[in-house]
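As structure tokens, the structure follows; a few thoughts come after it.
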Amino acid sequence: MKLGRLNHVGVATPDLDASIAFYRDVMGASDITEPFVLESQKVRVCFVNTPGANGTAGTQIELLQPTEPDSAVGKWLEKNPLGGQHHICYEVPDIHEAKAWFEGQGKRVLGEPRIGAHGTMIFFVHPKDMGGQLTEIMETPKGAH
Ligand SMILES: CC[C@@H](C(=O)O)C(=O)SCCNC(=O)CCNC(=O)[C@H](O)C(C)(C)COP(=O)(O)OP(=O)(O)OC[C@H]1O[C@@H](n2cnc3c(N)ncnc32)[C@H](O)[C@@H]1OP(=O)(O)O
Ligand SMILES: [Co+2]
């Protein structure tokens with residue numbers, strides 16, 4: 001498998017609108033997308049775009065507010081009520097090759113690949129098999145970079 005760029009850091013929050021204000025007013029972010037609901041993950045989500053070098057797209061902060069307490073982010077917030085860093089997402093050229101790669105090393109892939117917030121296929125690898133880090137793997141969008 002060929003590891004691609006760091007696509008985003010997932011940050012869970014109990015209050016998405018307050019977090020948007022924080023990134024805008026405290027962190028000086030000037031490019032924050034409109035929030036939308038992704039039913040399949042039970043989250044309301046938006047992206048803080050950070051600039052890359054020489055005008056390229058940088059890494060994103062993915063702000064996540066659960067729409068239901070009984071969800072991955074809802075359960076995590078129960079233990080971490082202030083919110084904070086929830087997962088990290090790397091791009092790969094081929095999602096099925098990446099799944100076979102991790103499974104071949106005995107890592108627990110959580111469910112089947114599905115469409116994520118960027119419109120390409122994603123899967124998650126269990127944090128207990130990844131040094132404590134919930135890891136999202138995302139197929140690079142066609143034509144990107
Ligand atoms: C916006 C869409 C999408 C995108 O396109 O980018 C997203 O990013 S959606 C993000 C939300 N979705 C997910 O997180 C899906 C994958 N997650 C899961 O399937 C579950 O959260 C989980 C990782 C399997 C944990 O679920 P569960 O076992 O039911 O929860 P527990 O609370 O019992 O946790 C067990 C164990 O794991 C530790 N844990 C849980 N979450 C994390 C985390 N984010 N980072 C690190 N560690 C985590 C938890 O603390 C427990 O440990 P112990 O207490 O030591 O047992
Ligand atoms: Co994510």
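Each peptide in 11-18, 62-69 receives the mean, over its residues, of other Cβ atoms within 10 Å, and ordering these scores from highest gives 62-69, 11-18. The share of C-alpha pairs in the range 5-139 whose separation exceeds 23 Å stands at 34 percent.
Measuring r between the beta carbons of Asn54 and Glu112 and using R0 = 35 Å, the FRET efficiency lands at 0.40.
For Thr67, the residues whose amide H sits under 5 Å from its own are Val43, Arg44, ignoring neighbours fewer than 5 places away on the same chain, with H placed 1.01 Å from N.
Which trypsin sites (Lys or Arg not before Pro) does the range 97-130 hold that lie in a coil by DSSP with at most 14 other beta carbons within 10 Å?
Numbers: sites: Lys99, Lys107, Arg108, Arg114, Lys128; in loops: Lys107, Arg108.
Within the range 97-130, the qualifying trypsin sites (Lys or Arg not before Pro) (loop, at most 14 other Cβ atoms within 10 Å) are Arg108.
Take the cross-link list Lys2/Lys79; Lys79/Lys99; Lys2/Lys75; Lys2/Lys128 and give me the ones stretching past 27 Å between alpha-carbons. Mind dumping the intermediate values first?
Working: Lys2/Lys79 34 Å; Lys79/Lys99 29 Å; Lys2/Lys75 32 Å; Lys2/Lys128 22 Å.
Over 27 Å apart, Cα to Cα: Lys2/Lys79; Lys79/Lys99; Lys2/Lys75.
Please report, in debye to the nearest 20, how large the charge dipole of the chain is about its Cα centre when each Lys and Arg carries +1 at its beta carbon and each Asp and Glu carries -1 there.
Roughly 340 debye for the chain.
The loop-placed trypsin sites (Lys or Arg not before Pro) in the range 1-62, going by DSSP, that have at most 13 neighbouring Cβ atoms within 10 Å of their Cβ come out as Lys2.
Where a number appears in this text, it was derived from the coordinates with a stated rule and is not lab data. Remember, it's a predicted structure, so these values are computed and weren't measured experimentally. Reconstructed Cβ throughout: ideal geometry from the backbone, glycine too, with neighbour counts over all protein chains shown.
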